[in-house]
Structure formats: structure tokens, C-alpha cells
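One structure is given here, and the rest of the page talks about it.
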Amino acid sequence: GGRGGGGGGGGGGGGGVRGSRAQTALAYQFERCFGQETTQEELFEGCGVKDMLDHVLEGYSATVFAYGPTGSGKTFSVTGKPDSIVKNGSGDGSDGVVIRSAEALFDKIRAKATDGVQFKVRASCVEIYNESIVDLVKSSRTARGVAQLPVKFDPSKGAFFVQDLSYCKCPSEVDLLRLYMKVLRNRSVAAHELNRDSSRSHALFTVYVDSMVKGADGHIRTRHGKMTFVDLAGSERLKDTRSEGQTLRETGSINKSLFTLGKVISSLCDRRSTKAPYRDSKLTQLLMDSIGGTSLTMMLACISPSSGHIAESMRTLDYAIRAKSVQNKPVVLLDPQQTMLEELRKEIDVLRAENRALKEALQTSNPDLYASLDLTPRSLLRGSG
């Protein structure tokens, strides 16, 4: 993708597996590897998110998603300690990538904002829970069954979108963080054998940054950047969770969407494959732009240092290696109407240049004829009418 996969959470990069044969050492190569002693600040400074924010301000789409089994550090890397954030706000050393990104984003906006550039920021957050879409900006856990939203396909943009999704204007980092704390309260959490506070859903928190730039010609051009933070549910197998009843059904839905995401990644890596199965799950529909699309994308592959989780760690690293080989093609996102106007302006400039060249050629080859003609644009328009 725009960025490759990286180690996260407990760390990554290699491991030993003892089987029926001799112990085998496996090596994995990623852009960065962060051990369990890594601080949240070191992760944020070293993983490349700050560079991605610069691209978002230029009108690109970017995605950071954390993948790995429950308890490996996904939510901690992305969010920090949710309870601490909800109660106390940001400013803690445990603050994750999202909170640090919010603060860095507005620092960059203040540095870039001039008389010729304006920025508008808004945000949305959806939860994918048992293959249903929930708007976390509007909904609470108690109203979960009321606000399930459909996912639609927009042929003009070639992308899926959530119908009737609510967006919240965020003029400052305080507003953005306040919204983020609100959606954290609404997310589905349930305990199972592997983790007391396991996230039982996938959450996509998207920050939209519209930049209005006045060009040398006086026209204002709007670019639509966005940054999506994806906290995926745990990738562990059903038997490891000892889940029952509703939680068992949740784990089945989680596995379906992560399995489909894996199929999409494998399909994009296979030159013989003609079509990736994005439509097979809500998660892959909404990540279509991020995986093999026009977004800059980074994967935080989170693994546990525990030897008891070696099999899950290997699965996670194998998953990340495949994701790393997916090629995205990032493009600046412009307003469709403005894009059409830009093309028309360019066409007019070409026609004007051709007109000038023809007039100069006529003046050189036949000065008398040139002098007798009224070649002003208005006269030519009157003549064509």
C-alpha cells in the first residue's frame, strides 16, 4: 500500500516454532518493528502517521488500521486506555495514535493556515457489529438496535458509503477529542476468556479535512483529505475464546469479516485474480479505498510476546506480509464539479493559445487580410450566432 505493514503492540519481526521437527527460525521484514518497551510517543513518532497527516492536508485519503489477536495491543496502540480517556480527557502518556494525531493535525493546520488557505474539519465514526453498521456519533449502546445503517455503492465515485451517516464539525482538537471520547463510550465491549475488555466490533473513526486554496487565477480549489483510524476486533479463533451464546455469534461475525479482508488482500496479491471480493462483508466494502485503492494505508500488526500465543503471532505476521505487498495508487481528492471546471479551464487555455498562434500566423502571412478582419472574441461570437 501507500505504506507497508509494521510491527506493533507486543512487537514483531521473528519467532521460533517447536514442532515435530527441529526448531525453525522464521524471519519477517517490515518497515518498522516496535518492542514491548516502546512508549506511545515513540510509536506515534516512529510509525509514519505524522507524514500521512501532511498528505491528508494536501487532499489525500489515508488509513491506519490495527490488526491482531485480542490482548495484543490494538486498541491500546490506536486509542490508549479508553477508561482513562473518557474520564480524564487527553494528555496522558498512554494516549494512542488517534489522540496524538488529533493534536498534531491541528498543529499542522495552524502552521499551514494563511490568507490563501482555509481548512474545515469534521468527523464520523461507525461500528461494524455482527455485520450491522451502527453510527457511534448518534447511537448509544442502549439504542443499538434502532440505528442500523445501510451501506450503498456510489457508481460515480466507484466506492461504498454509509447512508444517512452523521458528521460532526470539529473546529478544534478539543471538539475532535470530545467527539472521540463520546464514540468510545458507545462501542461494544464484552469479556471473554482472552481479554476482560475485548472489543467485540470493528470501529472506523474518520476525520475529514477540506482545504480551500485560492489559486493564482483567483479561483478557489477545494481538496478533500481524510484520515481513517480502524480498530479491528480480535483475530483469534473461536475455540481460543471459549465464547458462548451471543458472544459466540459475535466472534463468528468478526471472523467472517476478517476472513473476507484476508481474501481481498490475497486476491490483490495474486496476479491471476481478476476481482477482489470487497462485497462479501461490510468491513471490506468500507475499506475498499484503503486496500488496493487510492488511499495511503498503514497496518499496525500487533502481536503478543507470550510463547503461548506463538501460533496467533505467526498468523498475524503472515497476514501483515500479504497486506504489505498490496499496491495502492494514492490520488488527491478534488470536488467532482471543480474537477470538471478545472478541465474546462485547461481546455479554454489551450483554445486561447491556438487562437493566438493562428492570429500571429495570419498576420505574418497576410497582413492586409488580418488588418481588415475584426478578430476580437466578441465579434467572433456574434458572427457564429
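Which ones in region 10-56 are at pLDDT 75 or above and among the polar types (S, T, N, Q)?
If the condition is that a residue be at pLDDT 75 or above and among the polar types (S, T, N, Q), then 29, 36, 38, 39, 40 are the ones that fit.
Any idea which residue in region 110-134 is nearest to residue 167 (Cα to Cα), counting only those that are modelled with pLDDT of 95 or more and among the aliphatic types (A, V, I, L, M)?
Selected residue: 123.
Residues of region 289-314 being buried (at least 20 other Cβ atoms within 10 Å of the Cβ) and in a loop (DSSP other than H, G, I, E, B), which ones?
Scanning region 289-314 gives 289, 290, 291, 292, 293, 304.
So, in region 145-186, exactly how many residues are outside any helix (DSSP H, G or I) and over 19 Å from the mean Cα position of the chain (by Cα)?
Total satisfying the criteria: 11.
Name the pairs: first residue in region 41-63 and part of a loop (DSSP other than H, G, I, E, B), second residue of a type in the set (Lys, Arg) and modelled with pLDDT under 95, Cβ to Cβ under 8 Å, at least 6 apart or on different chains?
The qualifying pairs are 48/3; 48/32; 58/223; 59/223.
Here's the yes/no breakdown for (1) at pLDDT 90 or above; (2) part of a helix (DSSP H, G or I); (3) more than 16 Å from the chain's Cα centre (by Cα); (4) not assigned by TED's automatic domain parsing to the domain that holds residue 330:
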residue	(1), (2), (3), (4)
258	no, yes, yes, no
262	no, yes, yes, no
271	no, no, yes, no
274	no, no, yes, no
279	yes, yes, yes, no
284	yes, yes, no, no
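The values are calculated or read from the model by the stated rules, or taken from the named source; none is laboratory data. Bear in mind the structure is a predicted one, so any value in this text is a computation, not a measurement. Methodologically, a virtual Cβ is constructed for each residue, glycine included, from the backbone with ideal geometry; neighbour enumeration extends over all protein chains shown.
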